[in-house]
Amino acid sequence: VQLQASGGGLVQVGGSLRLSCAASGSIFGGNVMGWYRQAPGKQRELVARITSGGTTNYADSFKGRFTISRDNAKNTMYLQMNSLKAEDTAVYYCNLRHLGFDYWGQGTLVTVSS
């Protein structure tokens, strides 16, 4: 299984970005995909997760501003980020949990400038 994250970049405070994560490989049955982020000098933290059935789970810090979604036909997950803050600056990683294994993408950098 391989994950390819994209969509990061430089955005101003208050702006929006949409991240994508395309999964390829042998993915059959139920799985959970998620977005995590790691800011400079901090530990990686969960942003949001979504099951193959569409059930979502958000870390409290991101409820109301970020929206996770997925297109199972395209094996692609998205993260719509609105009202971005300077503290949202981080490398965003996508994750897929399938049959007890965790797979990670390479990360995409989001920089929010003030």
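The values are calculated or read from the model by the stated rules, or taken from the named source; none is laboratory data. Values in this document were obtained by computation on a predicted structure and should not be read as measured data. Ideal geometry is used to build each Cβ from the backbone, glycine not excepted, and the neighbour counts take in all protein chains shown. The protein model used for the area step is the full one, side chains on, heavy atoms only, and it has no ligands, DNA or RNA in it. Shrake-Rupley method; radii C 1.70, N 1.55, O 1.52, S 1.80 Å.
Got a number for carbon plus sulfur as a percent of the chain's accessible area, 1.4 Å probe?
48
Can you give me the long-range amide H partners of THR89? Hydrogens built in the peptide plane at 1.01 Å from N, cutoff under 5 Å, separation of 5 or more residues or another chain.
Here VAL112 satisfy the definition.
Considering amide H positions built from the backbone, and no H for Pro or chain starts, which residues 5 or more places from ARG70, or on another chain, come under 5 Å of its amide H?
Amide H to amide H, under 5 Å and 5 or more residues apart or across chains, ARG70 pairs with TYR78.
Would you mind computing, in nm to one decimal, how far apart the modelled labels at GLU45 and ASP71 are, each placed 7 Å from Cα along Cα→Cβ?
3.1
If you take the C-alpha gyration tensor of the range 44-101, multiply each eigenvalue by 5 and take the square root, what semi-axes do you get, largest first, in whole Å?
So the equivalent ellipsoid measures 21, 13, 11 Å along its semi-axes.
What does the charge count around MET81 come to, taking other residues whose C-beta lies under 13 Å from its C-beta (Lys +1, Arg +1, Asp -1, Glu -1)?
+3
Mind checking the per residue accessible area of the chain for me, 1.4 Å probe, whole number of Å²?
Heavy-atom accessible area per residue stands at 53 Å².
Order 16-22, 5-11, 36-42 from most to least packed using the mean count of other Cβ atoms within 10 Å.
Ranking, from highest mean packing down: 16-22, 5-11, 36-42.
Report the Cα-based extents of the chain along its three principal axes, largest first, to the nearest Å.
Answer, in whole Å and largest first: 43, 24, 23 Å.
Would you grab the residues whose amide H sits under 5 Å from the one on ALA48? Only those 5+ places off in sequence or on another chain, please, with H modelled 1.01 Å from N.
For ALA48, whose amide H was placed from the backbone, the distant partners under 5 Å are TRP35, ALA59.
Based on alpha-carbon positions alone, could you give the equivalent ellipsoid semi-axes of the range 19-71 from the gyration tensor, as √(5λ), descending, whole Å?
Over the Cα atoms of the range 19-71, the semi-axes work out to 22, 14, 9 Å.
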